[in-house]
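Asks: Below you'll find the structure I mean.
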């Protein structure tokens with residue numbers, strides 16, 4: 001059940017990312033953003049699976065959170081932090097000692 005939710009959330013996120021970039025920059029930028037997110041997903045999934053294979057038993061933490069589900073859940077948390085930093089839009093406020101652009 002957890003893998004189904006994770007995959008569904010990723011499909012929605014890929015679609016939203018494509019749509020946002022498509023509206024801001026064009027179709028090519030939307031395709032590149034979705035492809036980048038897909039690449040991060042597959043590479044991250046293989047890395048978290050490898051790490052959890054070393055640490056966690058096949059049965060995982062119970063019926064609903066086996067090793068595969070735990071790796072997808074860990075990947076989702078890592079990706080969320082990465083995407084918040086990488087794709088956030090909006091201007092940051094100037095810090096102390098930085099000139100204001102206004």
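Any read-out appearing in this document is the output of simple, stated calculations on the displayed coordinates, not a laboratory observation. Bear in mind that the values here come from a model prediction, so they are computed numbers and not experimental data. In this analysis, Cβ positions are derived from the backbone assuming ideal geometry, glycine residues included, and neighbour counts consider all displayed protein chains.
Asks: Measure nothing but the geometry: give the 0 to 90° angle between the long axis through the Cα atoms of 2-25 and the longest principal axis through the Cα atoms of the chain, rounded to 10°.
Replies: 20
Asks: So for the chain, averaging the separation of alpha carbon pairs under 8 Å that are six or more residues apart and normalising by length, what relative contact order in percent results?
Replies: Across the chain, relative contact order equals 25 percent.
Asks: Largest first and to the nearest Å, give the Cα extent of the range 1-95 along each principal axis.
Replies: Projected onto its principal axes, the Cα set of the range 1-95 covers 45, 35, 19 Å.
Asks: I would also like to ask the following. Quick one, what does Rg over Rh come out to for the range 1-46 if you take C-alpha atoms and the Kirkwood Rh?
Replies: Rounded to two decimals, Rg/Rh equals 1.05.
Asks: Now for a separate question. Taking the Cβ-Cβ separation of residue 28 and residue 1 as r and a Förster radius of 30 Å, what is the calculated FRET efficiency to the nearest 0.05?
Replies: 0.25
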